[in-house]
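The values are calculated or read from the model by the stated rules, or taken from the named source; none is laboratory data. Predicted model only: the values in this text are computed from it and were never measured. So basically every Cβ, Gly included, is an ideal-geometry build from the backbone, and we count neighbours across all protein chains shown. For the accessible areas, the whole protein counts, side chains as well, though only heavy atoms, and no ligand, DNA or RNA atoms are used. Shrake-Rupley method; radii C 1.70, N 1.55, O 1.52, S 1.80 Å.
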Amino acid sequence: MSVDLDLLEDAALVALHLRGPLAGRQAAFAALMRRHKQPLYRLIVAQIGDPDDALDLLQESFVSAHAALGRFDASRSLRAWLARIAINKSRDWHRRRRVRRFLTRVLPIEAGDQIADAAADTEAQAIDRDDLARTLAGIARLPASLRDPLLLCAVDELSQAEAAEALGITAKAVETRVRRARAALAADAVARP
C-alpha cells in the first residue's frame, strides 16, 4: 500500500526525506518542491522583478534547502523557512548586480569592452574572473579612507551626503576621496596588467 505524499504534512515529508528509504526520500523532497515552488517563485519574482532569473533562484533555493534540511526545526513553518532561503538568494542576486554596476562605474571607460557578455566563451569568462579578482584586490589595497567612501557611494548607492554622515566627514571630502579612489584604481590597473 503506497501513501499519497501530497496528503502528508510538511513535517512528515521532511521526516520521510531525512529518515526514509532512498526512493521515499527523493519522492518526499519532490512533493515538498511541488507544494512550495509556486509561492516561492512568486516571492522571488516580486523580490527581483526578473522572471527568468527567478527560475534560477528558485532552483538555487531548493538546492540550498535540500542541503540544509537536516537543520530544519520541524516545530516551525517550512514555508517560512523556505521563504527565508529564497529571500536570501534574492538579496545575494541584488548584491551581485550592485557589484557588477559598481565595477562598470569604477573601471576605466576603456575597460568596457572587456566586460563579459552572456555568450562569452569559457576562456573569456576565466579572463573576466581574473580581471574581477584584480579589481577587487585593488579595492582591498586602497586605504580605508578611500575605500569606505567609494564602497558606500558606488556599491551601497548612498548619496555623498549620506556617506559623509555615515563616515563623519563632509560631503566634499567624500567627493574628493571617491575621485582619488577611482584614480588609484585606474593607476593600479595600468601598473598591474
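What the table below lists for this structure:
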{"read-out": "Projected label distance in nm at residue 145 and residue 66, using a 7 Å step from Cα toward the beta-carbon", "value": "5.2"}
{"read-out": "From phi via Karplus (6.51, -1.76, 1.60), per-residue ³J(HN,Hα) for the stretch 26-34 in Hz, x at Gly/Pro", "value": "5, 5, 5, 5, 4, 5, 4, 5, 4"}
{"read-out": "Quotient of Cα Rg and 2.2 N^0.38 Å for the stretch 1-68, N being how many residues it contains", "value": "1.23"}
{"read-out": "Extended-chain gain in nm, criterion 0.36 nm per residue less alpha-carbon gap, residue 56 and residue 15", "value": "12.1 nm"}
{"read-out": "FRET efficiency estimate (nearest 0.05) - Cβ-Cβ, residue 80 to residue 180, R0 45 angstrom", "value": "0.45"}
{"read-out": "Rough spin-label spacing in nm, given labels placed 7 Å along Cα→Cβ, for residue 4 and residue 171", "value": "6.4"}
{"read-out": "Exposure of residue 175 as accessible area (Å², to 10), given a probe of 1.4 Å and all protein chains", "value": "60"}
{"read-out": "Where only alpha carbons of the stretch 33-84 are counted, the Rg and the Dmax (Å)", "value": "11.1, 34"}
{"read-out": "Estimated FRET transfer efficiency when R0 is 41 angstrom, pair residue 33-residue 104 (beta carbons, to 0.05)", "value": "0.70"}
{"read-out": "R0 of 25 Å, Cβ-Cβ distance residue 25-residue 88: FRET efficiency to nearest 0.05", "value": "0.50"}
